[in-house]
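J.: I have a structure here, written as C-alpha coordinates, and I will follow up with some questions on it.
The values are calculated or read from the model by the stated rules, or taken from the named source; none is laboratory data. Model, not experiment: these values are computed from the prediction. Note that each Cβ is placed from the backbone with ideal geometry, even for glycine, and that neighbours are counted across all protein chains shown. Just so you know, the surface numbers come from the protein's heavy atoms only, side chains and all, with ligands and any DNA or RNA stripped out. Shrake-Rupley method; radii C 1.70, N 1.55, O 1.52, S 1.80 Å.
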Amino acid sequence: MDEMVKRFSEEAPVAVMARLGLQRAISAEWVNQVFETHSKTQYTRELLFSTVVELMSLVALGMRPSLHAAAQKMRDLPVSLTALYDKVNRVEPDVVRALVRGSAERLAPVMTPLRRSTAPWLPGWRIRIVDGNHLPARQKRLAPLRGFRGAALPGHSLVVFDPDLDLVLDLVPCEDGHASERGLLATALEGAGEGDLWIGDRHFCTSPAIRLAQARGAAVLFREHGAHPNPTSVGPRRKVGRVPTGVVYEERVELAATRDEPALTLRRIEVELDAPTTDGDTVIRLLTTLPAEVDACAVAQLYRGRWKIEGLFGRLEAALTSEVRTLGYPRAALFAFGTSVVAYNVLAVIQAAIAAAHDLEAEGLEVSTFYVADDVRTDYRGMTIAIIATTWAAFDRLSPATLARTLREIAANLDPRTVRKHPRGPKPKQAKGYAPRATVQRHVATAKVLRDGRIR
(Lines give C-alpha, C1' and ligand atoms only; values in the text may rest on other atoms or scores of the structure.)
Protein backbone atom coordinates (compact mmCIF):
# COMPACT_ATOMS: atom_id res chain seq x y z
CA MET A 1 0.00 0.00 0.00
CA ASP A 2 1.25 3.48 -0.90
CA GLU A 3 2.61 5.43 2.10
CA MET A 4 0.11 8.26 1.61
CA VAL A 5 -2.76 5.77 1.38
CA LYS A 6 -1.51 4.16 4.59
CA ARG A 7 -1.53 7.53 6.32
CA PHE A 8 -5.09 8.26 5.26
CA SER A 9 -6.11 4.69 6.20
CA GLU A 10 -4.96 5.45 9.74
CA GLU A 11 -6.29 8.99 10.05
CA ALA A 12 -9.35 8.95 7.73
CA PRO A 13 -10.25 5.28 7.24
CA VAL A 14 -13.87 5.93 6.20
CA ALA A 15 -12.78 8.11 3.28
CA VAL A 16 -10.36 5.44 2.06
CA MET A 17 -13.03 2.74 2.32
CA ALA A 18 -15.45 4.98 0.42
CA ARG A 19 -12.91 5.42 -2.38
CA LEU A 20 -12.35 1.68 -2.65
CA GLY A 21 -16.09 0.96 -2.48
CA LEU A 22 -16.96 3.48 -5.19
CA GLN A 23 -14.11 2.20 -7.31
CA ARG A 24 -15.49 -1.32 -7.13
CA ALA A 25 -19.18 -0.33 -7.50
CA ILE A 26 -18.96 2.18 -10.36
CA SER A 27 -15.59 1.96 -12.06
CA ALA A 28 -15.43 4.28 -15.06
CA GLU A 29 -14.87 1.56 -17.65
CA TRP A 30 -17.82 -0.51 -16.39
CA VAL A 31 -20.17 2.50 -16.14
CA ASN A 32 -19.44 3.48 -19.74
CA GLN A 33 -20.10 -0.10 -20.83
CA VAL A 34 -23.47 -0.05 -19.03
CA PHE A 35 -24.40 3.13 -20.88
CA GLU A 36 -23.43 1.72 -24.27
CA THR A 37 -25.39 -1.47 -23.62
CA HIS A 38 -28.64 -0.05 -22.21
CA SER A 39 -29.01 3.41 -23.73
CA LYS A 40 -31.32 3.39 -26.75
CA THR A 41 -31.45 7.07 -27.72
CA GLN A 42 -28.35 8.70 -26.22
CA TYR A 43 -24.81 8.26 -27.43
CA THR A 44 -21.29 9.25 -26.34
CA ARG A 45 -19.45 11.97 -28.16
CA GLU A 46 -17.30 14.10 -25.83
CA LEU A 47 -18.93 13.58 -22.42
CA LEU A 48 -18.47 10.09 -20.97
CA PHE A 49 -21.33 8.73 -18.88
CA SER A 50 -18.82 7.84 -16.15
CA THR A 51 -18.10 11.57 -15.76
CA VAL A 52 -21.82 12.28 -15.30
CA VAL A 53 -22.10 9.52 -12.68
CA GLU A 54 -19.01 10.82 -10.89
CA LEU A 55 -20.48 14.34 -10.66
CA MET A 56 -23.86 13.08 -9.48
CA SER A 57 -22.13 10.88 -6.87
CA LEU A 58 -20.54 13.99 -5.38
CA VAL A 59 -24.01 15.47 -5.01
CA ALA A 60 -25.48 12.24 -3.56
CA LEU A 61 -22.75 12.02 -0.93
CA GLY A 62 -23.23 15.68 0.00
CA MET A 63 -19.76 16.78 -1.11
CA ARG A 64 -21.31 19.28 -3.52
CA PRO A 65 -24.66 21.06 -3.01
CA SER A 66 -25.80 20.67 -6.61
CA LEU A 67 -24.85 19.23 -9.98
CA HIS A 68 -24.05 22.76 -11.17
CA ALA A 69 -21.63 23.29 -8.26
CA ALA A 70 -19.96 19.91 -8.86
CA ALA A 71 -19.50 20.62 -12.57
CA GLN A 72 -18.18 24.13 -11.95
CA LYS A 73 -15.38 22.74 -9.77
CA MET A 74 -14.39 20.15 -12.36
CA ARG A 75 -11.36 21.51 -14.22
CA ASP A 76 -11.46 19.29 -17.28
CA LEU A 77 -15.21 19.07 -17.97
CA PRO A 78 -15.19 18.52 -21.76
CA VAL A 79 -18.59 20.13 -22.48
CA SER A 80 -20.65 23.14 -21.43
CA LEU A 81 -22.98 23.11 -18.45
CA THR A 82 -25.93 23.19 -20.84
CA ALA A 83 -24.69 20.04 -22.57
CA LEU A 84 -24.18 18.36 -19.18
CA TYR A 85 -27.75 19.09 -18.09
CA ASP A 86 -29.06 17.94 -21.47
CA LYS A 87 -27.32 14.62 -20.87
CA VAL A 88 -28.67 14.27 -17.31
CA ASN A 89 -32.21 15.24 -18.30
CA ARG A 90 -32.33 12.42 -20.86
CA VAL A 91 -30.76 9.51 -18.95
CA GLU A 92 -33.12 6.62 -19.67
CA PRO A 93 -34.75 4.64 -16.83
CA ASP A 94 -33.25 1.40 -18.17
CA VAL A 95 -29.77 2.88 -17.73
CA VAL A 96 -30.54 3.90 -14.13
CA ARG A 97 -31.82 0.42 -13.35
CA ALA A 98 -28.80 -1.27 -14.92
CA LEU A 99 -26.50 1.02 -12.93
CA VAL A 100 -28.12 0.07 -9.60
CA ARG A 101 -28.43 -3.65 -10.38
CA GLY A 102 -24.92 -3.97 -11.78
CA SER A 103 -23.24 -2.07 -8.95
CA ALA A 104 -25.05 -4.26 -6.40
CA GLU A 105 -23.82 -7.37 -8.20
CA ARG A 106 -20.27 -6.01 -8.04
CA LEU A 107 -20.53 -5.23 -4.31
CA ALA A 108 -22.34 -8.41 -3.19
CA PRO A 109 -19.23 -10.67 -3.30
CA VAL A 110 -17.40 -8.08 -1.18
CA MET A 111 -20.28 -7.77 1.28
CA THR A 112 -20.83 -11.52 1.75
CA PRO A 113 -17.66 -12.27 3.79
CA LEU A 114 -18.17 -9.08 5.81
CA ARG A 115 -21.71 -10.15 6.81
CA ARG A 116 -20.83 -13.81 7.40
CA SER A 117 -21.40 -13.60 11.16
CA THR A 118 -24.85 -12.02 10.76
CA ALA A 119 -27.71 -14.48 11.30
CA PRO A 120 -29.84 -14.89 8.15
CA TRP A 121 -33.48 -13.89 8.23
CA LEU A 122 -34.63 -17.31 7.03
CA PRO A 123 -31.94 -19.96 6.52
CA GLY A 124 -31.98 -21.43 3.04
CA TRP A 125 -33.86 -18.49 1.50
CA ARG A 126 -32.81 -15.23 -0.15
CA ILE A 127 -35.03 -12.44 1.18
CA ARG A 128 -36.26 -9.73 -1.21
CA ILE A 129 -38.23 -6.91 0.43
CA VAL A 130 -40.04 -4.79 -2.14
CA ASP A 131 -41.56 -1.34 -1.67
CA GLY A 132 -42.21 1.83 -3.64
CA ASN A 133 -40.60 5.23 -3.16
CA HIS A 134 -42.32 8.34 -4.53
CA LEU A 135 -40.07 11.33 -5.13
CA PRO A 136 -41.33 14.58 -3.58
CA ALA A 137 -42.43 17.62 -5.56
CA ARG A 138 -39.75 19.59 -7.38
CA GLN A 139 -39.15 23.29 -7.86
CA LYS A 140 -41.21 24.48 -10.81
CA ARG A 141 -38.35 25.68 -13.01
CA LEU A 142 -39.70 24.15 -16.22
CA ALA A 143 -41.66 26.60 -18.37
CA PRO A 144 -44.97 24.64 -18.50
CA LEU A 145 -45.06 24.47 -14.68
CA ARG A 146 -44.25 28.05 -13.69
CA GLY A 147 -47.85 29.23 -13.42
CA PHE A 148 -49.04 26.06 -11.65
CA ARG A 149 -49.75 26.43 -7.93
CA GLY A 150 -49.84 22.72 -7.12
CA ALA A 151 -47.09 20.10 -6.78
CA ALA A 152 -45.01 18.77 -9.69
CA LEU A 153 -44.18 15.09 -9.12
CA PRO A 154 -41.13 13.78 -11.04
CA GLY A 155 -41.88 10.07 -10.70
CA HIS A 156 -41.29 7.12 -8.41
CA SER A 157 -39.49 3.79 -8.28
CA LEU A 158 -39.80 0.28 -6.95
CA VAL A 159 -36.94 -0.77 -4.68
CA VAL A 160 -35.85 -4.39 -4.03
CA PHE A 161 -33.83 -4.75 -0.82
CA ASP A 162 -31.84 -7.70 0.55
CA PRO A 163 -31.77 -7.36 4.37
CA ASP A 164 -29.22 -10.17 4.79
CA LEU A 165 -26.67 -8.31 2.63
CA ASP A 166 -28.06 -4.86 3.52
CA LEU A 167 -27.94 -3.95 -0.18
CA VAL A 168 -30.48 -2.55 -2.63
CA LEU A 169 -30.41 -5.16 -5.39
CA ASP A 170 -32.78 -3.60 -7.92
CA LEU A 171 -34.50 -0.33 -8.75
CA VAL A 172 -37.34 -0.04 -11.26
CA PRO A 173 -37.81 3.66 -12.14
CA CYS A 174 -41.06 5.15 -13.47
CA GLU A 175 -41.39 8.67 -14.91
CA ASP A 176 -45.16 8.93 -14.31
CA GLY A 177 -45.74 10.31 -10.81
CA HIS A 178 -49.39 9.17 -10.91
CA ALA A 179 -48.76 5.57 -12.02
CA SER A 180 -49.26 2.79 -9.49
CA GLU A 181 -46.11 1.21 -8.10
CA ARG A 182 -47.96 -2.11 -8.26
CA GLY A 183 -47.54 -2.04 -12.04
CA LEU A 184 -43.75 -2.17 -11.65
CA LEU A 185 -43.72 -5.41 -9.65
CA ALA A 186 -43.89 -7.66 -12.72
CA THR A 187 -40.72 -6.00 -14.04
CA ALA A 188 -38.95 -6.50 -10.73
CA LEU A 189 -40.06 -10.15 -10.57
CA GLU A 190 -38.21 -10.81 -13.82
CA GLY A 191 -35.16 -11.22 -11.59
CA ALA A 192 -36.86 -13.69 -9.21
CA GLY A 193 -35.54 -17.22 -8.99
CA GLU A 194 -35.52 -20.48 -7.07
CA GLY A 195 -34.92 -19.91 -3.36
CA ASP A 196 -36.13 -16.28 -3.29
CA LEU A 197 -38.74 -15.05 -0.82
CA TRP A 198 -40.41 -11.79 -1.88
CA ILE A 199 -41.98 -9.79 0.94
CA GLY A 200 -44.33 -6.88 0.28
CA ASP A 201 -47.28 -4.99 1.74
CA ARG A 202 -50.91 -5.49 0.69
CA HIS A 203 -50.56 -3.10 -2.24
CA PHE A 204 -48.60 -5.81 -4.08
CA CYS A 205 -50.85 -8.71 -3.11
CA THR A 206 -52.45 -9.60 -6.45
CA SER A 207 -53.12 -12.92 -8.12
CA PRO A 208 -50.89 -12.16 -11.17
CA ALA A 209 -47.94 -11.24 -8.91
CA ILE A 210 -48.30 -14.40 -6.81
CA ARG A 211 -48.59 -16.60 -9.88
CA LEU A 212 -45.65 -14.91 -11.62
CA ALA A 213 -43.38 -15.48 -8.62
CA GLN A 214 -44.58 -19.08 -8.38
CA ALA A 215 -43.81 -19.65 -12.07
CA ARG A 216 -40.25 -18.43 -11.53
CA GLY A 217 -39.71 -20.72 -8.54
CA ALA A 218 -39.84 -17.96 -5.92
CA ALA A 219 -42.04 -17.78 -2.82
CA VAL A 220 -44.01 -14.74 -1.69
CA LEU A 221 -45.16 -13.28 1.61
CA PHE A 222 -47.66 -10.49 1.10
CA ARG A 223 -50.12 -8.86 3.44
CA GLU A 224 -53.59 -9.69 2.14
CA HIS A 225 -55.53 -6.86 0.52
CA GLY A 226 -59.19 -6.44 1.39
CA ALA A 227 -60.31 -6.65 -2.26
CA HIS A 228 -57.76 -8.91 -3.97
CA PRO A 229 -56.77 -11.64 -4.66
CA ASN A 230 -59.77 -12.75 -2.56
CA PRO A 231 -58.85 -16.46 -2.05
CA THR A 232 -61.29 -19.11 -0.88
CA SER A 233 -60.80 -20.99 2.39
CA VAL A 234 -60.25 -24.75 1.83
CA GLY A 235 -59.11 -25.89 5.27
CA PRO A 236 -59.84 -25.41 8.97
CA ARG A 237 -58.50 -22.35 10.78
CA ARG A 238 -56.28 -23.45 13.65
CA LYS A 239 -54.38 -21.68 16.37
CA VAL A 240 -50.61 -22.02 15.97
CA GLY A 241 -48.99 -19.99 18.71
CA ARG A 242 -48.08 -16.51 19.76
CA VAL A 243 -45.70 -13.73 18.66
CA PRO A 244 -44.87 -10.54 20.59
CA THR A 245 -47.69 -8.64 18.88
CA GLY A 246 -50.53 -11.16 19.16
CA VAL A 247 -51.95 -14.65 18.61
CA VAL A 248 -51.22 -16.51 15.35
CA TYR A 249 -53.69 -18.62 13.35
CA GLU A 250 -53.27 -20.50 10.07
CA GLU A 251 -55.53 -21.93 7.35
CA ARG A 252 -55.24 -23.14 3.76
CA VAL A 253 -56.79 -20.98 1.03
CA GLU A 254 -57.01 -21.28 -2.73
CA LEU A 255 -56.83 -18.95 -5.71
CA ALA A 256 -59.42 -19.95 -8.28
CA ALA A 257 -58.29 -21.51 -11.54
CA THR A 258 -58.24 -19.36 -14.68
CA ARG A 259 -58.56 -20.32 -18.30
CA ASP A 260 -54.78 -20.66 -18.60
CA GLU A 261 -53.70 -21.58 -15.06
CA PRO A 262 -54.81 -24.14 -12.46
CA ALA A 263 -55.95 -23.32 -8.95
CA LEU A 264 -53.16 -22.33 -6.54
CA THR A 265 -53.12 -23.29 -2.85
CA LEU A 266 -51.69 -20.77 -0.37
CA ARG A 267 -51.25 -20.45 3.36
CA ARG A 268 -53.10 -17.66 5.16
CA ILE A 269 -51.46 -16.54 8.40
CA GLU A 270 -53.59 -14.38 10.67
CA VAL A 271 -52.27 -12.40 13.63
CA GLU A 272 -54.92 -11.20 16.08
CA LEU A 273 -53.19 -8.16 17.50
CA ASP A 274 -53.01 -7.29 21.19
CA ALA A 275 -53.28 -3.62 20.23
CA PRO A 276 -54.73 -2.18 17.00
CA THR A 277 -52.50 -0.64 14.35
CA THR A 278 -52.45 3.11 13.67
CA ASP A 279 -55.07 2.43 10.98
CA GLY A 280 -57.29 0.69 13.51
CA ASP A 281 -56.71 -2.86 12.20
CA THR A 282 -57.04 -5.58 14.83
CA VAL A 283 -56.10 -8.50 12.55
CA ILE A 284 -53.18 -8.81 10.10
CA ARG A 285 -53.74 -11.37 7.33
CA LEU A 286 -50.76 -12.68 5.38
CA LEU A 287 -50.69 -14.85 2.24
CA THR A 288 -47.63 -16.95 1.54
CA THR A 289 -46.44 -19.76 -0.71
CA LEU A 290 -43.72 -20.80 1.75
CA PRO A 291 -43.73 -24.55 2.49
CA ALA A 292 -45.33 -25.86 5.68
CA GLU A 293 -41.86 -26.51 7.16
CA VAL A 294 -41.58 -22.78 7.79
CA ASP A 295 -43.53 -22.22 11.00
CA ALA A 296 -46.45 -19.78 10.86
CA CYS A 297 -45.07 -17.77 13.80
CA ALA A 298 -41.75 -17.42 11.95
CA VAL A 299 -43.68 -16.22 8.89
CA ALA A 300 -45.45 -13.57 10.97
CA GLN A 301 -42.13 -12.39 12.39
CA LEU A 302 -40.63 -12.22 8.91
CA TYR A 303 -43.36 -9.88 7.73
CA ARG A 304 -42.91 -7.73 10.81
CA GLY A 305 -39.31 -7.18 9.70
CA ARG A 306 -40.53 -5.73 6.40
CA TRP A 307 -40.33 -2.30 7.98
CA LYS A 308 -36.55 -2.49 7.63
CA ILE A 309 -36.96 -1.10 4.11
CA GLU A 310 -38.69 1.97 5.56
CA GLY A 311 -35.55 2.53 7.63
CA LEU A 312 -33.56 2.33 4.39
CA PHE A 313 -35.61 5.18 2.89
CA GLY A 314 -35.12 7.19 6.08
CA ARG A 315 -31.35 6.72 5.96
CA LEU A 316 -31.29 7.68 2.28
CA GLU A 317 -33.01 10.95 3.10
CA ALA A 318 -31.04 11.72 6.27
CA ALA A 319 -27.51 10.70 5.27
CA LEU A 320 -27.50 11.29 1.50
CA THR A 321 -28.86 13.80 -0.98
CA SER A 322 -31.34 11.43 -2.60
CA GLU A 323 -33.85 14.12 -3.51
CA VAL A 324 -32.38 16.99 -5.55
CA ARG A 325 -35.33 19.40 -5.64
CA THR A 326 -33.81 21.53 -8.39
CA LEU A 327 -33.84 18.68 -10.92
CA GLY A 328 -37.32 19.02 -12.41
CA TYR A 329 -37.09 16.66 -15.37
CA PRO A 330 -38.32 13.18 -14.34
CA ARG A 331 -35.36 11.36 -15.85
CA ALA A 332 -32.88 13.65 -14.10
CA ALA A 333 -34.65 13.20 -10.74
CA LEU A 334 -34.73 9.41 -11.11
CA PHE A 335 -31.06 9.35 -12.13
CA ALA A 336 -30.16 11.35 -9.00
CA PHE A 337 -32.15 8.96 -6.82
CA GLY A 338 -30.53 5.92 -8.47
CA THR A 339 -27.06 7.37 -7.90
CA SER A 340 -27.87 7.95 -4.22
CA VAL A 341 -28.96 4.29 -3.94
CA VAL A 342 -25.56 3.23 -5.32
CA ALA A 343 -23.91 5.53 -2.75
CA TYR A 344 -26.03 3.96 -0.01
CA ASN A 345 -24.80 0.50 -1.01
CA VAL A 346 -21.21 1.70 -0.73
CA LEU A 347 -21.90 3.12 2.74
CA ALA A 348 -23.50 -0.21 3.69
CA VAL A 349 -20.27 -2.02 2.75
CA ILE A 350 -18.32 0.43 4.92
CA GLN A 351 -20.65 -0.20 7.86
CA ALA A 352 -20.29 -3.95 7.40
CA ALA A 353 -16.50 -3.62 7.41
CA ILE A 354 -16.65 -1.62 10.65
CA ALA A 355 -18.93 -4.24 12.23
CA ALA A 356 -16.59 -7.03 11.10
CA ALA A 357 -13.51 -5.27 12.53
CA HIS A 358 -15.03 -4.41 15.93
CA ASP A 359 -17.20 -6.22 18.45
CA LEU A 360 -20.00 -3.65 18.36
CA GLU A 361 -22.45 -5.83 20.27
CA ALA A 362 -20.08 -6.16 23.23
CA GLU A 363 -19.54 -2.40 23.23
CA GLY A 364 -23.26 -1.71 22.90
CA LEU A 365 -22.76 0.32 19.70
CA GLU A 366 -24.59 0.59 16.42
CA VAL A 367 -23.03 2.31 13.41
CA SER A 368 -24.87 5.36 12.06
CA THR A 369 -25.15 5.80 8.29
CA PHE A 370 -25.38 9.55 8.88
CA TYR A 371 -22.01 9.79 10.66
CA VAL A 372 -20.32 7.47 8.16
CA ALA A 373 -21.53 9.74 5.34
CA ASP A 374 -20.38 12.78 7.34
CA ASP A 375 -16.87 11.31 7.60
CA VAL A 376 -16.84 10.85 3.82
CA ARG A 377 -17.91 14.45 3.25
CA THR A 378 -15.27 15.73 5.66
CA ASP A 379 -12.18 13.84 4.45
CA TYR A 380 -12.79 12.66 0.89
CA ARG A 381 -11.93 15.87 -0.96
CA GLY A 382 -8.60 16.34 0.84
CA MET A 383 -7.70 12.72 0.20
CA THR A 384 -8.30 13.03 -3.56
CA ILE A 385 -6.01 16.08 -3.62
CA ALA A 386 -3.23 14.38 -1.68
CA ILE A 387 -3.31 11.02 -3.49
CA ILE A 388 -3.02 10.91 -7.28
CA ALA A 389 -5.65 8.91 -9.13
CA THR A 390 -3.25 6.31 -10.55
CA THR A 391 -2.33 5.19 -7.02
CA TRP A 392 -5.73 3.52 -6.65
CA ALA A 393 -5.35 1.38 -9.78
CA ALA A 394 -3.61 -1.38 -7.83
CA PHE A 395 -6.82 -2.08 -5.89
CA ASP A 396 -8.66 -2.97 -9.11
CA ARG A 397 -6.77 -6.26 -9.19
CA LEU A 398 -7.97 -7.40 -5.76
CA SER A 399 -10.43 -10.29 -5.61
CA PRO A 400 -13.69 -9.63 -3.73
CA ALA A 401 -12.51 -11.66 -0.73
CA THR A 402 -9.18 -9.80 -0.63
CA LEU A 403 -10.92 -6.44 -0.94
CA ALA A 404 -13.25 -7.40 1.93
CA ARG A 405 -10.22 -8.30 4.06
CA THR A 406 -8.53 -5.01 3.13
CA LEU A 407 -11.62 -3.01 4.11
CA ARG A 408 -11.81 -4.84 7.42
CA GLU A 409 -8.13 -4.07 8.14
CA ILE A 410 -8.68 -0.39 7.31
CA ALA A 411 -11.84 -0.30 9.47
CA ALA A 412 -9.80 -1.58 12.42
CA ASN A 413 -8.12 1.86 12.51
CA LEU A 414 -11.44 3.56 13.23
CA ASP A 415 -12.76 4.26 16.70
CA PRO A 416 -16.37 3.04 16.29
CA ARG A 417 -17.57 5.49 18.94
CA THR A 418 -16.99 8.32 16.46
CA VAL A 419 -19.67 6.94 14.12
CA ARG A 420 -22.05 5.50 16.70
CA LYS A 421 -25.80 5.90 16.44
CA HIS A 422 -27.62 7.79 19.17
CA PRO A 423 -31.17 6.42 19.14
CA ARG A 424 -33.75 8.48 20.94
CA GLY A 425 -36.86 7.29 22.71
CA PRO A 426 -40.33 7.48 21.20
CA LYS A 427 -41.88 10.91 20.93
CA PRO A 428 -44.63 11.61 23.48
CA LYS A 429 -48.06 11.26 21.93
CA GLN A 430 -49.97 14.49 21.50
CA ALA A 431 -53.67 14.77 20.87
CA LYS A 432 -54.41 16.14 17.42
CA GLY A 433 -57.59 17.37 15.85
CA TYR A 434 -59.25 20.50 14.64
CA ALA A 435 -57.90 23.80 15.93
CA PRO A 436 -59.12 27.30 15.07
CA ARG A 437 -57.00 29.27 12.63
CA ALA A 438 -56.31 31.96 15.21
CA THR A 439 -54.85 29.30 17.54
CA VAL A 440 -52.48 27.68 15.06
CA GLN A 441 -51.25 31.05 13.71
CA ARG A 442 -50.48 32.42 17.15
CA HIS A 443 -46.77 32.85 17.92
CA VAL A 444 -44.61 33.29 21.00
CA ALA A 445 -41.04 34.35 21.78
CA THR A 446 -39.19 31.25 22.99
CA ALA A 447 -36.86 33.30 25.23
CA LYS A 448 -39.87 34.75 27.11
CA VAL A 449 -41.46 31.33 27.51
CA LEU A 450 -38.23 29.94 28.95
CA ARG A 451 -37.90 32.94 31.25
CA ASP A 452 -41.45 32.68 32.57
CA GLY A 453 -41.64 28.88 32.53
CA ARG A 454 -44.99 28.92 30.79
CA ILE A 455 -46.89 30.34 27.84
CA ARG A 456 -48.93 33.37 28.85
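J.: Conditions: (1) touching a residue at least 40 places away in the same chain (Cβ under 8 Å); (2) open to solvent by 50 Å² or more (accessible area, probe 1.4 Å); (3) of a type in the set (Gly, Ala, Ser). Ala389 meets all but one. Number of the miss?
T.: It fails just one condition, (1).
J.: Now for a separate question. Return the residue satisfying two criteria in turn: it lies in the stretch 43-66 and is surrounded by 13 or more Cβ atoms within 10 Å (Cβ to Cβ) and either charged (D, E, K, R) or touching an Asp or Glu at 6+ places or on another chain (Cβ under 6 Å) (or both), and of such residues it is farthest from Leu327 (Cα to Cα).
T.: Glu54
J.: Here's a follow-up. So which residues in the stretch 273-312 are of a type in the set (A, V, I, L, M), in contact (Cβ under 8 Å) with a residue 60 or more places away in the chain and surrounded by fewer than 20 Cβ atoms within 10 Å (Cβ to Cβ), if there are any at all?
T.: Once the filter is applied, which keeps residues that are of a type in the set (A, V, I, L, M), in contact (Cβ under 8 Å) with a residue 60 or more places away in the chain and surrounded by fewer than 20 Cβ atoms within 10 Å (Cβ to Cβ), the stretch 273-312 yields Val294, Ala298.
J.: Taking Ala108 and the conditions (1) surrounded by fewer than 15 Cβ atoms within 10 Å (Cβ to Cβ); (2) at negative phi, which numbered condition does it fall short on, given that it satisfies the others?
T.: Status for Ala108: all satisfied but (1).
J.: Still on this structure: For the stretch 393-434, which residues satisfy the criterion of being farther than 14 Å from Ile350 by Cβ, surrounded by 14 or more Cβ atoms within 10 Å (Cβ to Cβ) and in contact (Cβ under 8 Å) with a residue 60 or more places away in the chain?
T.: Those that are farther than 14 Å from Ile350 by Cβ, surrounded by 14 or more Cβ atoms within 10 Å (Cβ to Cβ) and in contact (Cβ under 8 Å) with a residue 60 or more places away in the chain: Phe395, Pro400, Arg405.
J.: Those residues that are in contact with a Lys or Arg (Cβ under 8 Å, 6 or more places away or on another chain) and of a type in the set (Lys, Arg), I need them from the stretch 36-67; list them, please.
T.: Selection gives Arg64 alone.
J.: Let me ask something else. With respect to the numbered conditions (1) over 27 Å from Asn89 (Cα atoms); (2) surrounded by fewer than 17 Cβ atoms within 10 Å (Cβ to Cβ); (3) under 13 Å from the mean Cα position of the chain (by Cα), which one is the sole condition not fulfilled by Glu194?
T.: (3) is the only condition that Glu194 fails.
J.: Further, regarding this structure: Report, by residue number, each residue of the stretch 123-132 that is of a type outside the set (Gly, Ala, Ser) and either touching a Lys or Arg at 6+ places or on another chain (Cβ under 8 Å) or crowded, with 19+ Cβ neighbours inside 10 Å (or both). I'd like the intermediate steps shown before the answer.
T.: Start the filter on the stretch 123-132 by keeping residues that are of a type outside the set (Gly, Ala, Ser), which leaves 123, 125-131.
Of everything in the stretch 123-132, those that are of a type outside the set (Gly, Ala, Ser) and either touching a Lys or Arg at 6+ places or on another chain (Cβ under 8 Å) or crowded, with 19+ Cβ neighbours inside 10 Å (or both) turn out to be Arg126, Ile127, Arg128, Ile129, Val130, Asp131.
J.: Just one of Glu270, Glu254, Glu261 is over 30 Å from Met63 (Cβ atoms), over 29 Å from the mean Cα position of the chain (by Cα), acidic (Asp, Glu) and open to solvent by less than 70 Å² (accessible area, probe 1.4 Å); which is it?
T.: Values: Glu270 fails: over 29 Å from the mean Cα position of the chain (by Cα); Glu261 fails: open to solvent by less than 70 Å² (accessible area, probe 1.4 Å).
After applying the criteria, what remains is Glu254.
J.: Only one of (1) surrounded by 15 or more Cβ atoms within 10 Å (Cβ to Cβ); (2) closer than 20 Å to Ala348 by Cβ; (3) at pLDDT below 95 is not met by Thr118, so which one is it?
T.: (1)
J.: Would you confirm whether or not the stretch 439-454 contains a residue that is among the hydroxyl-bearing types (Ser, Thr, Tyr), within 24 Å of Ser9 (Cβ to Cβ) and open to solvent by 50 Å² or more (accessible area, probe 1.4 Å)?
T.: Checked against the condition, which is being among the hydroxyl-bearing types (Ser, Thr, Tyr), within 24 Å of Ser9 (Cβ to Cβ) and open to solvent by 50 Å² or more (accessible area, probe 1.4 Å), the stretch 439-454 yields no hits at all.
J.: Another one. Checking Ala362 against (1) in a helix (DSSP H, G or I); (2) open to solvent by 50 Å² or more (accessible area, probe 1.4 Å); (3) in contact (Cβ under 8 Å) with a residue 24 or more places away in the chain, only one condition comes out false. Which one?
T.: The single condition Ala362 does not satisfy is (3).
J.: Quick one: in the stretch 67-94, of everything that is small (Gly, Ala, Ser) and buried (at least 16 other Cβ atoms within 10 Å of the Cβ), which residue is nearest to the chain's Cα centre (by Cα)?
T.: The selected residue is Ala70.
J.: Could I ask something else about it? Could you tell me whether Arg211 is at negative phi and open to solvent by 60 Å² or more (accessible area, probe 1.4 Å)?
T.: No; evaluated as a whole, the condition is false for this residue.
J.: Would you be able to tell me the number of residues in the stretch 324-358 that are in contact with a Leu (Cβ under 9 Å, 6 or more places away or on another chain) and either surrounded by fewer than 18 Cβ atoms within 10 Å (Cβ to Cβ) or without any contact (Cβ under 8 Å) to a residue 12 or more places away in the chain (or both)?
T.: Number of matching residues: 1.
J.: Next question, about the same structure. Take the stretch 242-281 and flag every residue that is aliphatic (A, V, I, L, M), under 14 Å from Ile210 (Cβ atoms) and out of contact with any Leu (no Cβ under 6 Å at 6 or more places or on another chain). Give the derivation first.
T.: Going residue by residue through the stretch 242-281, those that are aliphatic (A, V, I, L, M) are 243, 247-248, 253, 255-257, 263-264, 266, 269, 271, 273, 275.
Subsequent filtering for residues that are under 14 Å from Ile210 (Cβ atoms) retains 253, 255-257, 263-264, 266.
Across the stretch 242-281, the qualifying residues are Ala256, Ala257, Ala263.
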